[in-house]
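Q: One structure, pasted below without further comment.
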Amino acid sequence: MTKPLSKEQISHLLFTADPMNTCCKENDGFDEYDKVAEDILATLNEGDTLENAVSQTLWIWFGEDLATAEKVEQVIQALAPLSTGGAGQG
């Protein structure tokens, strides 16, 4: 049985990838994506798909001009190691 996704896992992968170019790694902003991760996880737990959860969350946090399809795809790729964990199921 696979453990469900955690906010910490999502935030860590977003911090590592820094898809929105916040320079969090350079500035040691380890919690830069915590709230974003929390919102992605909440949307997944409501049963939405990873793609929808990511795109909606990024649009809310960064606006549609910055949260382009390319950025959404970067986040989905960054979260790929976790996507087999059954997010949004249950």
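The values are calculated or read from the model by the stated rules, or taken from the named source; none is laboratory data. Just so it is clear, the structure is predicted and the values come from calculations on it, not from any experiment. Just so you know, the surface numbers come from the protein's heavy atoms only, side chains and all, with ligands and any DNA or RNA stripped out. Shrake-Rupley method; radii C 1.70, N 1.55, O 1.52, S 1.80 Å.
Q: Taking the alpha-carbon distance from K71 and a cut-off under 13 Å, which aspartates and glutamates remain once sequence neighbours fewer than 8 residues away in the same chain are dropped?
A: Cross-link targets: D18, E51.
Q: Grab the Cα-Cα distance for A80 and K35, subtract it from 0.36 nm times how many residues apart they are, and report the gain in nm with one decimal. The partial results should precede the final answer.
A: Working: separation 45, 0.36 × 45 = 16.20 nm, distance 1.92 nm.
Once the chain is fully extended between A80 and K35, it gains 14.3 nm.
Q: Classify region 1-80 as rounded, prolate or oblate, taking a ≥ b ≥ c as the square roots of the eigenvalues of its Cα gyration tensor: rounded when a/c is under 1.5, otherwise prolate if a/b is larger than b/c and oblate if not.
A: Since a/c reaches 1.5 but b/c is at least a/b, the shape of region 1-80 is classed as oblate.
Q: Using Cα atoms only, what is the angle between the long axis of helix 34-45 and the major principal axis of the chain, expressed in degrees (0 to 90) to the nearest 10?
A: Taking the Cα atoms of the chain, the angle to 34-45 is about 30 degrees.
Q: Kindly express, to the nearest 10 degrees and within the range 0 to 90, the angle between helix 50-66's C-alpha long axis and the longest C-alpha principal axis of the chain.
A: 20 degrees
Q: Measure nothing fancy, just the Cα-based angle from helix 69-78's long axis to the longest principal axis of the chain, in degrees from 0 to 90, nearest 10.
A: Between the helix axis and the principal axis of the chain, the angle is about 60 degrees.
Q: Between A69 and T22, what length comes free when the chain is fully extended (0.36 nm per residue of separation minus the Cα-Cα distance, one decimal in nm)?
A: 15.2 nm is the gain from fully extending A69 to T22.
Q: Continuing with the same structure: So, with a 1.4 angstrom probe, what is the percent of accessible area on the chain that is carbon and sulfur? All intermediate terms of the calculation are to be shown ahead of the outcome.
A: Details: 2780 of 5570 Å².
The computed percentage sits at 50.
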